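See below for the structure under consideration.
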Amino acid sequence: MRPYPELIEELKKIDPVLKDVHAEQAEEFHPTPSIDVYFYLQHSIVSQQLSTKVAEIIWQRYLDLFPERYPEPEMVLQKSDGELRGIGLSFQKLGYMRNVADFSLEYGMEFDMLDEWTDDEIIKYLTQIKGVGKWTVQMILMFPMDRPNVFPVDDLGIQTKMKKYYNINLEKKELRQKLVEISDRWDPYKTVASKLLWSAR
């Protein structure tokens, strides 16, 4: 993929509203590719529905449970409820962490394998895991996999920013339809436009 600054300039020509968004950019963003989809997915589950600060505390405690601070799938499955609850994980989340570990062992989620697939194929594959929804997989596509054309329409941050910058007063189904319609302008770089919106004040 071409450099983000270059793509942002191109997107601003396609969609003038993104000029205003870029002008309000609080901080620059850069690609954050990683080949460890399993590790990112574990981190995502810990972070669900928690503040950034609390999620990071629990995540660091979680890593401390494992040699070299890496949650190998086999080791995750060996941890007791008490150990995982003791670091702050809910019963629901510890179940999800085990689901990810079990799925990784049984079916695999190696980057080289997933990278051969389309975005939709990856979403269909990983959402088979109980506790992993479409939004979580979209974050995997956008960040560690750095796929260029993902639009997380159900992300609250994206919805809030787009309602602000595009002066939209719709809700629910009508809102989603409008946002998808707008995002079609950004094809094939919806990921970059979405990250630009996240980075704006």
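The values are calculated or read from the model by the stated rules, or taken from the named source; none is laboratory data. From a predicted model like this one, the values you see are computed outputs, not experimental measurements. Note: ideal-geometry Cβ built from the backbone for every residue, glycine included; neighbour counts use all protein chains shown.
Taking the listed residues Glu56, Glu24, the one that is within 28 Å of Arg201 (Cα to Cα), of a type in the set (D, E, K, R) and in the same structural domain as Arg185 (by TED's automatic domain parsing) is Glu24, with no other qualifying.
Screening Met113, Met109, Met97 for residues that are in the same structural domain as His43 (by TED's automatic domain parsing) and either in contact with a His (Cβ under 9 Å, 6 or more places away or on another chain) or touching a residue at least 60 places away in the same chain (Cβ under 8 Å) (or both) leaves exactly one candidate, Met109. Checking the structure you have, find out if any residue of the range 156-163 is outside any helix (DSSP H, G or I), of a type outside the set (Ser, Thr, Tyr) and over 17 Å from Asp20 (Cβ atoms). No, the conditions are met nowhere in the range 156-163.
Note on the range 120-138: residues that are touching a residue at least 12 places away in the same chain (Cβ under 8 Å), under 13 Å from the mean Cα position of the chain (by Cα) and part of a loop (DSSP other than H, G, I, E, B) amount to 1. Could you say whether any residue in the range 138-150 is more than 21 Å from Ala23 (Cβ to Cβ), surrounded by 20 or more Cβ atoms within 10 Å (Cβ to Cβ) and polar (S, T, N, Q)? Checked the range 138-150: at least one residue is more than 21 Å from Ala23 (Cβ to Cβ), surrounded by 20 or more Cβ atoms within 10 Å (Cβ to Cβ) and polar (S, T, N, Q).
Scanning the range 72-104 for residues that are buried (at least 20 other Cβ atoms within 10 Å of the Cβ), part of a helix (DSSP H, G or I) and hydrophobic (A, V, I, L, M, F, W, C) yields a total of 7. The residue list Met162, Met142, Met109 contains one member that is touching a helix residue (DSSP H, G or I) at 6+ places or on another chain (Cβ under 9 Å), of a type outside the set (Phe, Trp, Tyr) and more than 13 Å from Ser44 (Cβ to Cβ), which is Met162. The sole residue among Gly95, Gly86 that is under 21 Å from Val37 (Cβ atoms), of a type in the set (Gly, Ala, Ser), over 19 Å from the mean Cα position of the chain (by Cα) and modelled with pLDDT of 95 or more is Gly95. For Gln48, are the conditions met, namely being assigned by TED's automatic domain parsing to the domain that holds Met97 and polar (S, T, N, Q)? So Gln48 passes the test.
Among the residues examined, Glu116 qualifies as assigned to a loop (DSSP other than H, G, I, E, B) and out of contact with any helix residue (DSSP H, G or I) (no Cβ under 7 Å at 6 or more places or on another chain).
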